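Accompanying notes for the structure given below.
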Amino acid sequence: MKPNVRRQVNLRFRRQYGVMSRPELRAIGVTPSMEAARVRSGEWERPTPRVVRLAGSPASPHQDLMIAVLESGPLAVASHQSAAWLWDLVRPPDRHAVSIGYRGHGRPGPFVVHRLRGPAPSISFHGPIPSTNPLRTLVDLAGESDRDQLDDAIDRAVARRLVTVEGLKAELGRVGRNGRKGAGAMRAALRRRSLLAGPSPSVLESRYLRLMKQGGLEPMAVEVEAGPDGEYRIDSLLDPLVAVEVDGHIHHSTPEQKAYDEHRRGQIRLSGVFLLVYDWVAITRDGRRVLAECHQALARYGSGGRRLAD
């Protein structure tokens, strides 16, 4: 193998998680006999018919997905749960998923192949891996995930400003059609977000609002100004006299932030509002207790009941 060809091969292996497609090798100048010799020597491996892997390169979900994309042809892109993972919206899937053109030929392998139908998606790149953009990814994911996973993925995408709810509605209108897998699930997920208010709600706040709705408690207001000069903000009011705060670790982690929060919450309580505070663990893992305490607080301290002294 000529030095310049070897340099190109090594560079491509480094960029593509230790794998290349056989057509890429031919384009660089590696002949079938050169490839076969390195496979026989154990320097390279063939994990799938179309792909060559550098022996000893670290195995990883990224490498597995790169193999799936290369094996599925030059127009293949990561999609569905794999694209959602690349966008850091879900955990790595057990089986990767790629999408190919409607007339493309899916190759057998340890991954799922979808055929693109309808408008072509916009393509984004995560290093060397092409994938569907966040809007199309979420619409596709709706047909492959359960309700909780989809809601969490939407929450994360909105909180990180990858998408907006309006953008999701527009994308659903663009690609959604009668019979499209996942269209109904995405419409239901968007309806569940109808309680959300305020700009870019956090993942935790969105989970809290959905928990309240599931428990039959619809906050009368969110992001409410409080204090003599409106200098404080309450996450939500269940009643004029009962409020709930959700304590996200990202925004309440430093000693200064915690001290400010304690002062702010003390002032809110002194104004006559009964304040409940919950963190991520309580909202996501102990929802029954949260709902029970909210109902008890409304019964004991709400404006519709008898308010007891603290």
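The values are calculated or read from the model by the stated rules, or taken from the named source; none is laboratory data. Predicted model only: the values in this text are computed from it and were never measured. Here Cβ is always computed from backbone atoms with ideal geometry, including for glycine, and neighbour counts include all displayed protein chains. Ligands, DNA and RNA are stripped out before the accessible areas are found, and what is left, the full protein with its side chains, is counted by its heavy atoms. Shrake-Rupley method; radii C 1.70, N 1.55, O 1.52, S 1.80 Å.
Counting the residues of segment 119-132 that are within 24 Å of Val19 (Cα to Cα), free of Cβ contacts under 8 Å to residues at least 40 places away in the same chain and of a type in the set (S, T, N, Q) gives 1.
Asp88 meets the conditions (1) closer than 17 Å to Asp140 by Cβ; (2) among the acidic types (Asp, Glu); (3) more than 26 Å from the chain's Cα centre (by Cα) in every case but one. The failed one is (3). Is it the case that segment 279-291 has a residue that's under 19 Å from Asp151 (Cα atoms), of a type in the set (Lys, Arg) and modelled with pLDDT under 85? The answer is yes; a qualifying residue exists. Within segment 61-87, restricting attention to residues that are part of a loop (DSSP other than H, G, I, E, B) and either open to solvent by less than 10 Å² (accessible area, probe 1.4 Å) or at pLDDT below 95 (or both), the residue that is nearest to Leu150 (Cα to Cα) is Ser79.
Counting only residues that are touching a residue at least 60 places away in the same chain (Cβ under 8 Å) and among the polar types (S, T, N, Q), segment 17-50 holds 1 of them.
Scan segment 33-56 for residues that are open to solvent by 70 Å² or more (accessible area, probe 1.4 Å) and either of a type in the set (Gly, Ala, Ser) or closer than 20 Å to Ser72 by Cα (or both) and the total you get is 6. In the set Leu116, Leu135, only one residue is without any contact (Cβ under 8 Å) to a residue 60 or more places away in the chain, touching a strand residue (DSSP E or B) at 6+ places or on another chain (Cβ under 6 Å), open to solvent by 10 Å² or more (accessible area, probe 1.4 Å) and not β-branched (Val, Ile, Thr); that residue is Leu116. Checked against (1) part of a helix (DSSP H, G or I); (2) among the aliphatic types (A, V, I, L, M); (3) in contact with a Gly (Cβ under 6 Å, 6 or more places away or on another chain), Leu11 meets all criteria but (3). Taking every residue in segment 279-292 that is open to solvent by 80 Å² or more (accessible area, probe 1.4 Å) and pairing it with any residue that is part of a helix (DSSP H, G or I), at least 6 positions away or on another chain, the pairs with Cβ-Cβ distances below 8 Å are Trp280/Leu204; Arg289/Ala282.
Six or more apart or on different chains, Cβ atoms under 7 Å: show the pairs whose first residue is in segment 1-14 and over 16 Å from Val51 (Cα atoms) and whose second is in a helix (DSSP H, G or I) and open to solvent by less than 70 Å² (accessible area, probe 1.4 Å). What qualifies is Met1/Met34; Val5/Ile28; Gln8/Ile28. Selection of segment 127-140 for residues being in a helix (DSSP H, G or I) and over 17 Å from Arg191 (Cβ atoms) yields Pro134, Leu135, Arg136, Thr137, Asp140.
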